[in-house]
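Asker: One structure coming up, written as structure tokens, with questions to follow.
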Amino acid sequence: MTSATPTWTLARVLALFEQPFNDLLFQAHTVHRAHFDPNAVQVSTLLSIKTGACPEDCAYCAQSSKYETGLERERLLPLDEVRAAALRARETGATRFCMGAAWRNPTDKQLDKVIDMIGVVKDLGMEACVTLGMLTAPQAKRLKDAGLDYYNHNIDTSPEFYGEVISTRRFEDRLDTLAHVRDSGINVCSGGILGMGESRQDRASFLLSLANLPRPPESVPLNMLVRIPGTPMAEIPSLDPIEFIRTVAVARILMPTSHVRLSAGREGMTDEAQAWCFFAGANSIFYGDKLLTTDNADQNHDRALFDKLGIHPLIPAGFTPDTDDDEDVTSPMGGCGGACGHSHHAHL
Ligand code: SAM
Ligand code: DTB
Ligand code: SF4
């Protein structure tokens, strides 16, 4: 007998959503335990390497040039600033460093600079991720050759709701970039935003689109909309946290081996809501004071939350921080060297 992978349809995904909360969470947690250490959470830190003045019109975004959000545009960060930020991220316990640029797509010259940045992050022994907008196949290949581990490119929402959010590029354009990333051998990071006024059916269709990619993404960021004053989404009513938790659970069931990341919007979530998300199958977070342009959950608070929940950071197999050249660098053990009694696990 072969073990059948369920073929998900929109009706079946909606049926998952509509179960009683306890049934859904039990199912999701069971799937989670079958594939992951339920107490390990992957920790990434974000840096905006090129902020603002983006030509796209994503209705949620602080960085779109189409809206008056009061954000100051910045030039591409110099390499030494990137290195300093990555080092700080490593010191505080992140194992992956993600760099985002407010571009529709990078030029080849811009890519040269990003490739240097990837080299710097890899030299620090960290996993590297970038999100630069649309890519061509040769550009994806260049990033792979530079040692890039993950490329983030979100589908953002369902194909049906997409037109309400962005008009300057198509859903299919996103899929093309994801295919180039996949074909190059880079791990795919793709997810989206919840709470943009989409329906539950849209949330189901959004997750189904990710699960039905030729291969599901290795990493699935789920962002709760951060309402940015000046954008068309500034006044959207907030999504019920219970519905957000349900969405995490459905993502876990549909994509059993993907890392599901609690991304933007954690700052506005209670500890209890985050704890439920971890139970439902979320096993990655953005950690650090800032996301790209907005504040993230406080680092001390995150450390305390991990302690309260008995969660430890996941140390990836290839994580080999080379501390020789950095006098003030502590290890991903958080600097205690095991002296605090957590020697069998790293902690933040
Ligand atoms: N410019 C590139 C692009 O869009 O492909 C990369 C950076 S972009 C800021 C990365 C992702 O961040 C977006 O696709 C979106 O899912 C998420 N994001 C941006 N602004 C957000 C907000 N206000 N609230 C929640 N998520 C947001
Ligand atoms: C993703 O899905 N979320 C991150 C990352 N990918 C690049 C970005 C969140 C941005 C939140 C709004 C801001 O800080 O501007
Ligand atoms: Fe530009 Fe990315 Fe923001 Fe869209 S989400 S406006 S592409 S920076």
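The values are calculated or read from the model by the stated rules, or taken from the named source; none is laboratory data. What you see is a predicted model, and the numbers here were worked out from it, not measured in a lab. Ideal geometry is used to build each Cβ from the backbone, glycine not excepted, and the neighbour counts take in all protein chains shown. For accessibility, only protein heavy atoms count, side chains too; no ligands or nucleic acids. Shrake-Rupley method; radii C 1.70, N 1.55, O 1.52, S 1.80 Å.
Asker: Considering Ser199, Ser238, which residue is open to solvent by 30 Å² or more (accessible area, probe 1.4 Å), among the hydroxyl-bearing types (Ser, Thr, Tyr) and in contact with a Phe, Trp or Tyr (Cβ under 8 Å, 6 or more places away or on another chain)?
Answerer: The match here is Ser199.
Asker: Residue under question is Ala146, and the condition is that it be more than 16 Å from ligand 3 (Cβ to nearest atom), among the small types (Gly, Ala, Ser) and touching a Ser or Thr at 6+ places or on another chain (Cβ under 9 Å); does it hold?
Answerer: Against the criterion (more than 16 Å from ligand 3 (Cβ to nearest atom), among the small types (Gly, Ala, Ser) and touching a Ser or Thr at 6+ places or on another chain (Cβ under 9 Å)), Ala146 does not qualify.
Asker: Which condition number does Gly100 fail, the rest of (1) within 16 Å of ligand 2 (Cβ to nearest atom); (2) open to solvent by 50 Å² or more (accessible area, probe 1.4 Å); (3) at pLDDT 95 or above being met?
Answerer: (2)
Asker: Another question, then. Restricting to the stretch 14-35, name every residue that is of a type in the set (S, T, N, Q) and outside any helix (DSSP H, G or I).
Answerer: Gln19
Asker: Another one. Suppose the filter is more than 18 Å from Lys50 (Cα to Cα) and either in a helix (DSSP H, G or I) or not aliphatic (A, V, I, L, M) (or both); does Arg104 pass it?
Answerer: no
Asker: Tell me, which residue of the stretch 119-152 that is in a helix (DSSP H, G or I) and over 19 Å from Asp183 (Cβ atoms) is farthest from ligand 2 (Cβ to nearest atom)?
Answerer: So the residue we want is Asp123.
Asker: In the set Leu46, Leu24, which member is farther than 30 Å from Asp116 by Cα, touching a residue at least 24 places away in the same chain (Cβ under 8 Å) and not aromatic (Phe, Trp, Tyr)?
Answerer: None of the others qualify; the one that does is Leu24.
Asker: Within the stretch 249-260, track down each residue that is closer than 17 Å to Phe286 by Cβ and surrounded by fewer than 24 Cβ atoms within 10 Å (Cβ to Cβ).
Answerer: His259
Asker: What's the total number of residues in the stretch 23-54 that are farther than 11 Å from Gly281 by Cβ and among the basic types (Lys, Arg)?
Answerer: The number of residues fulfilling the criteria is 1.
Asker: Of all residues in the stretch 114-130, count the ones that are touching a strand residue (DSSP E or B) at 6+ places or on another chain (Cβ under 7 Å), open to solvent by 10 Å² or more (accessible area, probe 1.4 Å) and in contact (Cβ under 8 Å) with a residue 40 or more places away in the chain.
Answerer: Residues meeting the conditions: 1.
Asker: On the given criteria, is Val188 within 15 Å of ligand 1 (Cβ to nearest atom), in contact with a Lys or Arg (Cβ under 6 Å, 6 or more places away or on another chain), open to solvent by less than 30 Å² (accessible area, probe 1.4 Å) and not small (Gly, Ala, Ser)?
Answerer: Here the answer is yes, as Val188 does meet what is asked.
Asker: Still on this structure: Which residue out of Ala94, Ala86 is buried (at least 16 other Cβ atoms within 10 Å of the Cβ), within 16 Å of ligand 2 (Cβ to nearest atom) and assigned to a helix (DSSP H, G or I)?
Answerer: After ruling out the rest, the residue left standing is Ala86.
Asker: For residues that are under 20 Å from the mean Cα position of the chain (by Cα) and under 20 Å from Gly192 (Cβ atoms), tally how many sit in the stretch 65-83.
Answerer: 0
Asker: I would also like to ask the following. If we keep just the residues of the stretch 213-232 that are in contact with a Ser or Thr (Cβ under 9 Å, 6 or more places away or on another chain) and more than 21 Å from Cys129 (Cα to Cα), which is most open to solvent (accessible area, probe 1.4 Å)?
Answerer: Restricting to residues being in contact with a Ser or Thr (Cβ under 9 Å, 6 or more places away or on another chain) and more than 21 Å from Cys129 (Cα to Cα), the top hit is Arg227.
Asker: Sticking with this one: Please determine, by comparing only the residues of the stretch 49-72 that are assigned to a loop (DSSP other than H, G, I, E, B) and closer than 19 Å to Met117 by Cβ, which one is modelled with the highest pLDDT.
Answerer: Of everything passing the filter in the stretch 49-72, Gln63 is modelled with the highest pLDDT.
Asker: Then there's this: Just give me the residues in the stretch 64-76 being open to solvent by 30 Å² or more (accessible area, probe 1.4 Å) and at negative phi, in sequence order.
Answerer: Ser65, Lys66, Tyr67, Glu68, Thr69, Leu71, Glu72, Arg73, Glu74, Arg75, Leu76
Asker: Right, next: Could you grab me the full set of residues in the stretch 21-61 that are β-branched (Val, Ile, Thr) and buried (at least 22 other Cβ atoms within 10 Å of the Cβ)?
Answerer: Within the stretch 21-61, Val41, Val43, Thr45, Ile49 meet the criteria.
Asker: Taking the condition closer than 24 Å to Trp276 by Cβ, under 22 Å from the mean Cα position of the chain (by Cα) and at pLDDT below 95, does Ala89 pass?
Answerer: Considered against the rule, which asks whether it is closer than 24 Å to Trp276 by Cβ, under 22 Å from the mean Cα position of the chain (by Cα) and at pLDDT below 95, Ala89 comes out as no.
Asker: What pairs come up if the first residue lies in the stretch 280-297 and is more than 21 Å from Val82 (Cβ to Cβ), the second is more than 8 Å from ligand 2 (Cβ to nearest atom) and in a loop (DSSP other than H, G, I, E, B), and their beta carbons are under 7 Å apart, counting only those six or more places apart or on different chains?
Answerer: Partner pairs satisfying both residue conditions: Asn283/Phe36.
Asker: Mind checking whether some residue in the stretch 151-167 is among the β-branched types (Val, Ile, Thr) and farther than 26 Å from Ala53 by Cα?
Answerer: The answer is no, given that none of the residues of the stretch 151-167 is among the β-branched types (Val, Ile, Thr) and farther than 26 Å from Ala53 by Cα.
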